[in-house]
Amino acid sequence: QKGLGMHSACRLTYRLNEPFTRFEADLVVDDAAASLGSVVFRVYVGTEQRFASDTIRSGDPPVPITVDVTGGRSLSLLVEFAERGDVQDYADWIDARLVR
């Protein structure tokens, strides 16, 4: 599978130079985290938060998301630590994609 891998706490920001309608991905803590990882995923369009997950832990099934990005000029993907600080917080945005 393809996607984006991040460690908490992290932010990636992309400029949206073309008109897109949505961002989609499946959110999960990577298997490499063993049983220790726990994170919160957030998606911002410009300065507006458009998505915040509950705490996602190692072993949880992937959480599919669809976020409206219509009219946005930038997309920011954030991963924040939850329990145990940033220990083993290997967060994956599986099959992350922008859709027109």
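Does VAL45 count as of a type in the set (A, V, I, L, M), within 15 Å of ARG97 (Cα to Cα) and either touching a residue at least 24 places away in the same chain (Cβ under 8 Å) or out of contact with any Cys (no Cβ under 6 Å at 6 or more places or on another chain) (or both)?
Considered against the rule, which asks whether it is of a type in the set (A, V, I, L, M), within 15 Å of ARG97 (Cα to Cα) and either touching a residue at least 24 places away in the same chain (Cβ under 8 Å) or out of contact with any Cys (no Cβ under 6 Å at 6 or more places or on another chain) (or both), VAL45 comes out as yes.
Taking region 60-94 as the search range and keeping residues that are of a type in the set (Ser, Thr, Tyr) and open to solvent by less than 60 Å² (accessible area, probe 1.4 Å), which one is nearest to ALA33 (Cα to Cα)?
SER76
What are the residues in region 3-34 that are over 15 Å from the mean Cα position of the chain (by Cα) and either assigned to a loop (DSSP other than H, G, I, E, B) or of a type in the set (A, V, I, L, M, F, W, C) (or both), if any?
LEU16, ASN17, GLU18, PRO19, PHE20, THR21, ALA32, ALA33, ALA34
Have a look at ASP68, ASP89 and point out the one that is farther than 18 Å from GLN1 by Cα, charged (D, E, K, R) and in contact with a helix residue (DSSP H, G or I) (Cβ under 8 Å, 6 or more places away or on another chain).
Checking each option against the conditions leaves just ASP89.
Looking at region 35-47 only, could you name the residues that are at pLDDT 95 or above, surrounded by 12 or more Cβ atoms within 10 Å (Cβ to Cβ) and in a loop (DSSP other than H, G, I, E, B)?
Answer for region 35-47, where residues must be at pLDDT 95 or above, surrounded by 12 or more Cβ atoms within 10 Å (Cβ to Cβ) and in a loop (DSSP other than H, G, I, E, B): just GLY46.
Does ALA25 satisfy being surrounded by 13 or more Cβ atoms within 10 Å (Cβ to Cβ) and under 16 Å from VAL87 (Cβ atoms)?
Spelling it out, it is not the case that ALA25 is surrounded by 13 or more Cβ atoms within 10 Å (Cβ to Cβ) and under 16 Å from VAL87 (Cβ atoms).
Can you tell me which of ARG50, ARG97, ARG57 is surrounded by fewer than 19 Cβ atoms within 10 Å (Cβ to Cβ), within 15 Å of the chain's Cα centre (by Cα) and touching a residue at least 60 places away in the same chain (Cβ under 8 Å)?
After ruling out the rest, the residue left standing is ARG97.
Condition first: part of a strand (DSSP E or B) and farther than 28 Å from THR21 by Cα. Now tell me which residues in region 74-89 satisfy that.
PHE81
What pairs come out if I take residues in region 26-38 that are under 19 Å from GLN1 (Cα atoms) and pair them with residues that are among the acidic types (Asp, Glu) and open to solvent by 70 Å² or more (accessible area, probe 1.4 Å) whose C-beta lies under 9 Å away, six or more apart or interchain?
Short answer, once both residue conditions are applied: ASP26/ASP95.
The values are calculated or read from the model by the stated rules, or taken from the named source; none is laboratory data. This is a predicted model, so every value here is computed, not measured. Note: ideal-geometry Cβ built from the backbone for every residue, glycine included; neighbour counts use all protein chains shown. These area figures cover heavy atoms from the full protein model, side chains too; ligands, DNA and RNA do not enter into them. Shrake-Rupley method; radii C 1.70, N 1.55, O 1.52, S 1.80 Å.
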